[in-house]
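The values are calculated or read from the model by the stated rules, or taken from the named source; none is laboratory data. Predicted model, so just to flag it, every value in this text is computed and none were measured. Reconstructed Cβ throughout: ideal geometry from the backbone, glycine too, with neighbour counts over all protein chains shown.
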Amino acid sequence: MRYRLRHFALVILLFSVSTPIAAQTPKHGDRKPPVNPCHSKGVALTRPFTKAFPAYGFLAALPSLDKEADSSDAPKQSKLILCENGKELGPAHGVHAEIGQIGTGKYSHWTKIGIIFSASDNSDPNVNGRTYKAVMP
């Protein structure tokens, strides 16, 4: 009997705490879908991309965005988002050796180099038929 009373009291307490929170959350129709930065204007990366590493890393020059790029003094400065066929790649600010050895969409926007990147599936971006775009939010 005590167990049932305690259980009932706990259920009432949890319901009373969670009800006001649930009442404040927006209804499904009220929520705006998240904005995909890859649908924004950006700079299309043009082929051919230079093979930078034996495995997966490639280079794309991007001199117009060099001032916003990462550097040894500011290794996380770049806000650039790299998109492949309208989907965000990442993570950004990748270690260059990992981009080349592991790939899987990692990239880095580096001053005086451009973008060091890998395709999401480690295919050759020169021949995989996908589009690549750099977006600055």
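Observations
- Among the residues of the range 113-133, those that are among the small types (Gly, Ala, Ser), over 13 Å from Pro48 (Cα atoms) and free of Cβ contacts under 8 Å to residues at least 60 places away in the same chain comprise Gly114, Ser120, Ser123.
- Residue list for the range 48-93, filter: under 22 Å from Cys38 (Cβ atoms) and either of a type in the set (Ser, Thr, Tyr) or touching a residue at least 60 places away in the same chain (Cβ under 8 Å) (or both): Phe49, Tyr56, Gly57, Phe58, Ala60, Leu62, Ser64, Leu65, Glu68, Ser78
- Restricting Gly100, Gly105, Gly42 to residues that are under 13 Å from the mean Cα position of the chain (by Cα) and either touching a residue at least 24 places away in the same chain (Cβ under 8 Å) or closer than 18 Å to Val127 by Cβ (or both) narrows the list to Gly105.
- Residue among Lys112, Lys67 that alone is at pLDDT 95 or above, within 21 Å of Ser40 (Cα to Cα) and either more than 11 Å from the chain's Cα centre (by Cα) or assigned to a loop (DSSP other than H, G, I, E, B) (or both): Lys67
- Filter result (assigned to a strand (DSSP E or B) and either touching a Leu at 6+ places or on another chain (Cβ under 8 Å) or closer than 25 Å to Gly129 by Cβ (or both)) within the range 70-92: Ile81, Leu82, Cys83, Glu84, Lys87, Glu88
- Here Ser18 meets the list (1) modelled with pLDDT under 70; (2) not in a helix (DSSP H, G or I) almost entirely, failing just condition (2).
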